[in-house]
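The values are calculated or read from the model by the stated rules, or taken from the named source; none is laboratory data. These numbers were taken from a predicted model, which means no experiment stands behind them. Backbone-built Cβ (ideal geometry, glycine too); neighbour counts: all protein chains shown. With ligands, DNA and RNA removed, areas are computed over all heavy atoms of the protein, side chains included. Shrake-Rupley method; radii C 1.70, N 1.55, O 1.52, S 1.80 Å.
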Amino acid sequence: MHPEVMTVNTVFGNHEIVGKSLDLARDQHPLPQWLNGISSYSMWWLLIHKNMYDYHGNLAYLKEQESYMIGLLDQLSTFIDKDNKEVLNGNRFLDWPTSEKPKAIHAGLQAMMVMTFEAGAEMMEVLGNGAFQKKYQKVADKLKKHKPKDNTTKQAAALMALADLQDAEKANEVLTKDGVQRMSTFYGYYILEAMAKANDYEGALRVIRDYWGGMLDLGATTFWEDFDVLDITNSGRIDELVAPTNYDIHGDFGEYCYVGYRHSLCHGWASGPTSWLSQHVLGINVMNGGNKVKIVPNLGDLKWAKGSFPTKYGILKVSHNKVANGDVETVIDAPVGLNVIQ
């Protein structure tokens, strides 16, 4: 749900379906169960709540989650060994392309543990729970002492950069190797986020053009559960009858649990560029629970960008144009009550 919720935050604003979905997931898998049996999914649940509060500032809803959050964080803290390494049980999973790579899974889970405890500490501070804020920040600092090695995957490298377990520019060397091969539509969002952290905005835009654009070039009107860019070769479009000499991009491909027509061509976790473009290209950075927005555009190789963004005060409209000397001229149409800084 994490990329999906970031898209909802960016396109629709504060929508009740998100909280209801998160509550359902929580209630279907009470502790000590992991959500869907997957420890990383439980961590994404907590990270989603951090993002939701950052965007919408709904303290009452956050308060409703406090006891479960504390229980979850306390449970996660029992899966750290004497060397500060995560030793999570259950289904150890990031995404399907990394599912057969134990070193990548460990690196990604270690990074997620750091991110989760830092987010937990920040939410405890918001909730006025100073003792737990200090407790969880201490766990995050402890986890940062172990820096996983031997990862070669883009997925884990992205998470390590976001968790400050690896220098972002160093991680970017892994993220940009072989173009957009060995990506997943789910973790594409975190790859873009890590590239932004490395200030490689042109590279990130190239990834969007090549990877998500690769789906559009095959006739996509929605983004897919998974996409291997190498499958493009000699494949027909999805909006045309497939010629006998071509592959069917839908029926002939797919791996793991989504082989052939089991592979969904409309999947919310593939929507990462939506929120990424709003935050990093339009430069709309939400602060103070949605009461403030800081606008810092990064156009990369684009000449202009414009868009709208839902806030608790109404629709914010922003446009940027790159002038001859390379400077960016910005026009902002902000709703009354929203604090906008540049």
> For Ser264, are the conditions met, namely being farther than 28 Å from Val126 by Cα and in contact with a helix residue (DSSP H, G or I) (Cβ under 6 Å, 6 or more places away or on another chain)?
Replying inline: no
> How many of the residues in region 78-92 are touching a Phe, Trp or Tyr at 6+ places or on another chain (Cβ under 8 Å) and open to solvent by 30 Å² or more (accessible area, probe 1.4 Å)?
Replying inline: 4
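Hey, can you tell me all the residues within region 246-267 that are over 24 Å from Arg206 (Cβ atoms) and under 19 Å from the mean Cα position of the chain (by Cα)?
Cys266
Can you pull out the residues in region 41-72 that are closer than 21 Å to Ser21 by Cβ and either at pLDDT below 95 or in contact with a Phe, Trp or Tyr (Cβ under 7 Å, 6 or more places away or on another chain) (or both)?
Result: Tyr41, Ser42, Leu62.
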> Limited to region 321-342, what total is found for residues that are of a type outside the set (A, V, I, L, M) and either closer than 30 Å to Glu16 by Cα or under 25 Å from the mean Cα position of the chain (by Cα) (or both)?
Replying inline: 5
> Applying the selection to region 1-15, what residues are under 15 Å from the mean Cα position of the chain (by Cα) and outside any helix (DSSP H, G or I)?
Replying inline: Met1
> Is region 316-331 home to any residue that is within 15 Å of Gly13 (Cα to Cα), open to solvent by less than 20 Å² (accessible area, probe 1.4 Å) and modelled with pLDDT of 95 or more?
Replying inline: yes
> If only one of Asp74, Asp54, Asp95 is within 19 Å of Pro148 (Cα to Cα) and among the charged types (D, E, K, R), which one is it?
Replying inline: Asp95
> Given Lys177, Lys170, Lys154, which one is surrounded by 15 or more Cβ atoms within 10 Å (Cβ to Cβ) and of a type in the set (Lys, Arg)?
Replying inline: Lys154
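Of the residues in region 288-305, how many are open to solvent by less than 80 Å² (accessible area, probe 1.4 Å), out of contact with any His (no Cβ under 8 Å at 6 or more places or on another chain) and closer than 14 Å to Tyr201 by Cα?
4
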>> Need the failing condition index for Glu16 against (1) closer than 23 Å to Val286 by Cβ; (2) open to solvent by less than 30 Å² (accessible area, probe 1.4 Å); (3) not small (Gly, Ala, Ser), just the number.
In response: (2)
> When you look at Ile249, is it open to solvent by less than 60 Å² (accessible area, probe 1.4 Å) and closer than 24 Å to Val18 by Cβ, yes or no?
Replying inline: no
>> So, in region 133-150, exactly how many residues are open to solvent by 40 Å² or more (accessible area, probe 1.4 Å) and not polar (S, T, N, Q)?
In response: 10
> When you scan region 149-201, how many residues do you find that are of a type in the set (Lys, Arg) and within 19 Å of Thr116 (Cβ to Cβ)?
Replying inline: 1
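Out of Gly120, Gly130, report the one residue that is open to solvent by less than 10 Å² (accessible area, probe 1.4 Å), under 22 Å from Lys50 (Cβ atoms) and not polar (S, T, N, Q).
Within the list Gly120, Gly130, the selection yields Gly120.
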> What are the pairs, 6+ residues apart or on separate chains, where a residue within region 44-71 that is at positive phi has its Cβ under 9 Å from a residue that is open to solvent by less than 20 Å² (accessible area, probe 1.4 Å)?
Replying inline: Gly57/Gly289; Gly57/Gly290
> Among the residues of region 306-315, which ones are closer than 19 Å to Met52 by Cα and open to solvent by less than 60 Å² (accessible area, probe 1.4 Å)?
Replying inline: Phe309, Pro310, Thr311, Gly314
